[in-house]
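First the structure, in the form of structure tokens, and then the observations on it.
The values are calculated or read from the model by the stated rules, or taken from the named source; none is laboratory data. Computed from a predicted model, the values in this text were never measured in an experiment. Here Cβ is always computed from backbone atoms with ideal geometry, including for glycine, and neighbour counts include all displayed protein chains. Ligands, DNA and RNA are stripped out before the accessible areas are found, and what is left, the full protein with its side chains, is counted by its heavy atoms. Shrake-Rupley method; radii C 1.70, N 1.55, O 1.52, S 1.80 Å.
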Amino acid sequence: MTCQFWDCSETIPKNHFLCPNHYPDYSAGAIDKCRSCGQYKKIEDEICKTCSDEALLEELRSMRRNLAREHRLQEFFVFSNKSLDEMVEKRPVTPEAMLAISGVGAAKMKGFGRDFLQVIQQYAGMNAGRQSAQPTPPSNTVQRDDREFAADKDADRFFVYVLLMNDGDYYIGQTRELLERLHEHRNNMTQSTKGREPKLQWFTTVQTRKEAADLEAELQRLNSNPAGRREIIRWVVDFEKLVAELDFDPHKSSVRERPTPFGGVAPPSSRRSR
């Protein structure tokens, strides 16, 4: 088994997912999963370089196809596959660097090169011709939930929680009944997490609905930028380590208690709004 960081091939034990070179960065919140392929990458990168290279190559091929049709040429007369592969590998962002690519001469640079250069500049975050598009914030960013329910007055705690989606996004939520809410998420009963295989990563408790709403909003703000996501990842990693330290065996309780129906939780039919 090898390390799951996108460009690492170091062998690791069966129950590990990152090698000793990359796990410290993961623990520090500097590494997360690529949204496209699920491999681990640096958090400041939107996707791993492998996926970025594939996406850029597809963009360049599309550009070549459109230009070939426009000028009624065979695609290889625009640029060869070798030239496109080299553009992806070297990512030239200036006309001088583009002219150094195999198959790019002065005539082709004048006729087609600047169109390709603009695509590469966009991927490099250096598009001088127009402002780069801003990253789309996570789906539940700035969705503050201040709703209160009749049963809130009898509650002595509220949960704020973090879920990890199968595309690498985090979902932030708050609820009075965490187990019930997780059941809804996992059974595709919540539109914002439907079909995204949510997994609980972290939670904490507060005393009032207002505190829960305030903390939920703050976590959503953190989740909307790379630096904030690093902070959330650090919490998740610390939480994971604490859970691993639990001395708990559900089959061997040290205290003999009288069993309660539904594990001490009110049956679903008697619960009120979350």
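Each residue of segment 183-196 was assigned a 3J(HN,Hα) from its phi angle through the Karplus expression (A = 6.51, B = -1.76, C = 1.60, θ = phi - 60°), giving 4, 5, 4, 6, 9, 6, 9, 10, 4, 6, 10, 4, x, 10 Hz with x at Gly and Pro.
Electrostatic tally near ASP7: other residues with Cβ closer than 15 Å to its Cβ, Lys and Arg +1, Asp and Glu -1, net -2. Here the mean projected area of the convex hull built on the C-alpha positions of segment 1-49 is 3.2 nm². Counting only heavy atoms of the protein chains and using a 1.4 Å probe, SER36 has close to 80 Å² of accessible surface. Alpha carbon centre of segment 162-214 versus segment 1-25: separation in Å? Result: 29 Å between the Cα centres.
Placing +1 at every Lys and Arg Cβ and -1 at every Asp and Glu Cβ, with all other atoms neutral, what dipole size does segment 1-101 have around its Cα centre, in debye to the nearest 20? Don't skip to the end; give the middle numbers.
Details: 14 positive and 17 negative charges, 60 e Å.
Dipole about the Cα centre, nearest 20: 280 debye.
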